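Some notes on the structure that comes next.
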Amino acid sequence: MFKLVRNLAKFGTWVGGTLLVAVAFLVTSEVLLRRFFGIGLAAAAELSSYALAIAAAWGFSYAVIHRSHVRVDAAVRLLPRGIAAWVDILAMAMLTAYAYLLVAHGWEVFHQSWMRNSRAMTPLLTPIWIPQGAWWLGLCLFLATCAVTLAHAIYFTIAGRPREAQQLVGVVTVEEEAGSEISESKKMLGPTAR
Amino acid sequence: MIGSSLAILIAVLASSIPVGAALVMFGLLLGWIHSPFPLVRAIGETSWGASSEVLIVAVPMFILMGELMLRSGVASRMYDAMIKWFSWLPGGLMHSNICACTLFAATSGSSAATAATISTVSLPEMRRFGYNPSLFMGSLAAGGTLGILIPPSINMVVYGVLTSTSIPELYLAGFIPGFLLASLFMLTVLIACLAKPEWGGRSVEVSWSERFRALPSLLPPLALFLLVVGTIYAGVATPTEAASFGVVATMALALANGRLSISVLRDAFEGTIRSMAMILLIFVGAFFLNFVISTIGLSRQITNLIAYLQLSPLETMIAIVIFYLILGCFMETMAMMITTIPIIEPIVRSMGYDPVWFGVIVIILVEAAMITPPVGVNLYIVHGIRRDGSLNQVIFGALPFVVAMIVLIAILIAYPDLALWLPQLWKEMR
């Protein structure tokens, strides 16, 4: 289960990344067409806004796995490790609740558009349920990731394996955060980084 | 209502609940206490609205552009050229650091990316030429923050969306303060090195012909700058469209340098999605919270309270600056902006300040937050790249630059036109 969610989340980054690149090329070509051939498509802005919503929704779970959702941890750091472990779980539970609210009420949004067959008031007349459906599926993946992570963290904590729980729901210290930025820049700069 | 609400918000945030979730839970609680209607139903519509906001599209575009740019091999050549041009000043390479950051900032919308890139190429030189590590690393951490003041800027896009302020005007307003801040940073280095010449390190001998031969390395960043910022003012593109050009051009640049591969794309995608998901989740939460706050009339109460306090505009501004300087020590900067701006900006506007001008002030405060401990991401980036020595060295080295930022804020309060002149000029020309 955990593996499946992880792989889906990784897949989500490809969905999001590809959408963004596609939008970048689409927007660029639209501007070029408008500028040099006087052809105004006026579709790219609308499509890019859908891409944003979908890419974000599909990305939420990847950010859960990498513990990238920001937390204000200055106070929690002062707590003894045993209590802090449960605070971490509480934080994850709250994130799960948030994800649940998004899925439950996102469904209403999608469902209404579907029932009324609503269309965007744009030249494309996009049936709005299509992007909303893709967005909602991403939210579902977000909820699944949160729930699975939460369950594992509780299990590890009760089973006396705090380190593994920490790796799932613990606060990423700023040092760790900077570390990933650094290792990336090292990798990128390659031979010049002495 | 304000006091209890504020207390709850602080408690929720400090309990380390992820900021986006904290904002939503806080919103639900407020709605439950103060409204007869089930405001929770609005979550669906507000989240779809917030996450399909077309102006925000520029945010992931700039993040993706930065991720690709780091991998495209542009930075190291650029830094080399900067060394050749600026190392003769007292404080030598530290001026090159600041200038390289300034130029990189003009193509990058992110401060962390700027600091990481320039630090990686410059820290080895610190050892080679015997610089005082503290000041040298401070110049890198602080120089990196210029990434969001000099356009393009992710944070300005977010500010623009949160306050319905024109993003092109915000960009223009950032130019003069941005270069002024870079100059203040250089002045800081200059003063430090005139007072303590031993901090300055050994100088690098460079001939004029070498300097001119290094100039072509500056072309790719300048071209990118014209593409992602210039096109907006040439009337060719909106800020979102310009950001998309940036992605296409950086991909082309990486391809030309032979750095574009599946693994590079994968790393760039993962980095981008992680950052944008983090930002968007908070953004969605904040949208819902703002809906609740205005529905239950809390925003009006806040404005009334401020009016009741009868502070002068200047006193209010000083209070706001101090508030952000303190909050910035403890909170991640993007989360801090999205959480506070929707509440603070209307107050500032009601006092007669220009929202574009305030945008610049906020960005400088965010920059200060990036180099003040304990949560100052640029400090950790520079420290992490150096690997040895203590973090305190970076913290102390960055302090004089925080002072430079506060000086700049004071200058901008005294002479708001430094920020507002360019946007005004542009509006008149159109």
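The values are calculated or read from the model by the stated rules, or taken from the named source; none is laboratory data. Quantities reported herein were computed from a predicted structural model and do not represent experimental measurements. Glycine gets a Cβ as well: all are built from the backbone with ideal geometry, and neighbour counts include every protein chain shown.
Quick one: in the stretch A:40-49, which of the residues that are within 8 Å of chain B (Cβ to nearest Cβ) and either surrounded by fewer than 14 Cβ atoms within 10 Å (Cβ to Cβ) or hydroxyl-bearing (Ser, Thr, Tyr) (or both) is farthest from residue B:262 (Cα to Cα)? Within the stretch A:40-49, the match that is farthest from residue B:262 (Cα to Cα) is A:49.
The single residue among A:75, A:44 that is closer than 25 Å to residue B:331 by Cβ and either among the small types (Gly, Ala, Ser) or in contact with a Phe, Trp or Tyr (Cβ under 9 Å, 6 or more places away or on another chain) (or both) turns out to be A:75. Which of the residues spanning the stretch B:40-63 are assigned to a loop (DSSP other than H, G, I, E, B) and over 22 Å from the mean Cα position of the chain (by Cα)? B:52 - this is the single residue of the stretch B:40-63 that is assigned to a loop (DSSP other than H, G, I, E, B) and over 22 Å from the mean Cα position of the chain (by Cα).
Which of the helices (runs of 4 or more DSSP H) contained wholly in the stretch B:64-139 include at least 3 residues that are modelled with pLDDT under 85? Please lay out each step first, then the result.
Numbers: elements: B:74-86, B:93-105, B:111-128.
Helices (runs of 4 or more DSSP H) meeting the threshold: B:74-86, B:111-128.
All conditions in (1) crowded, with 24+ Cβ neighbours inside 10 Å; (2) polar (S, T, N, Q); (3) more than 7 Å from chain A (Cβ to nearest Cβ) hold for residue B:47, with the sole exception of (3). The single condition among (1) within 21 Å of residue B:221 (Cα to Cα); (2) modelled with pLDDT of 95 or more that residue B:159 does not meet is (1).
The selection criterion, being crowded, with 23+ Cβ neighbours inside 10 Å and of a type outside the set (Phe, Trp, Tyr), holds for residue B:371.
A residue that is among the aliphatic types (A, V, I, L, M), surrounded by fewer than 24 Cβ atoms within 10 Å (Cβ to Cβ), in a loop (DSSP other than H, G, I, E, B) and more than 8 Å from every other protein chain (Cβ to nearest Cβ) occurs somewhere in the stretch A:16-39. The set of residues in the stretch B:180-210 being of a type outside the set (Ser, Thr, Tyr), surrounded by 15 or more Cβ atoms within 10 Å (Cβ to Cβ) and assigned to a helix (DSSP H, G or I) consists of B:180, B:181, B:182, B:184, B:185, B:186, B:189, B:190, B:192, B:193, B:199, B:200. The set of residues in the stretch A:74-86 that are within 7 Å of chain B (Cβ to nearest Cβ) and in a helix (DSSP H, G or I) contains only A:76. Being in a helix (DSSP H, G or I) and small (Gly, Ala, Ser) is the filter here; which residues of the stretch B:166-179 pass it? Scanning the stretch B:166-179 gives B:173, B:174, B:178.
Tell me, which residue of the stretch A:1-10 that is in contact (Cβ under 8 Å) with a residue 24 or more places away in the chain and surrounded by fewer than 16 Cβ atoms within 10 Å (Cβ to Cβ) is farthest from the other protein chains (Cβ to nearest Cβ)? Can you show your working first?
If we filter the stretch A:1-10 for residues that are in contact (Cβ under 8 Å) with a residue 24 or more places away in the chain, which is where we start, we get A:1-2, A:5-6, A:8-10.
Checking the rest, the ones that are also surrounded by fewer than 16 Cβ atoms within 10 Å (Cβ to Cβ) come to A:1-2.
Working: A:1: 21, A:2: 19 Å.
Only one residue tops the list, namely A:1.
Sort through A:71, A:67 and tell me the only one that's touching a residue at least 60 places away in the same chain (Cβ under 8 Å), part of a loop (DSSP other than H, G, I, E, B) and either more than 22 Å from residue A:157 (Cα to Cα) or within 7 Å of chain B (Cβ to nearest Cβ) (or both). Exactly one of A:71, A:67 is touching a residue at least 60 places away in the same chain (Cβ under 8 Å), part of a loop (DSSP other than H, G, I, E, B) and either more than 22 Å from residue A:157 (Cα to Cα) or within 7 Å of chain B (Cβ to nearest Cβ) (or both), namely A:71.
Here is the figure for the stretch B:223-269: residues that are within 11 Å of chain A (Cβ to nearest Cβ), part of a helix (DSSP H, G or I) and among the β-branched types (Val, Ile, Thr) total 7.
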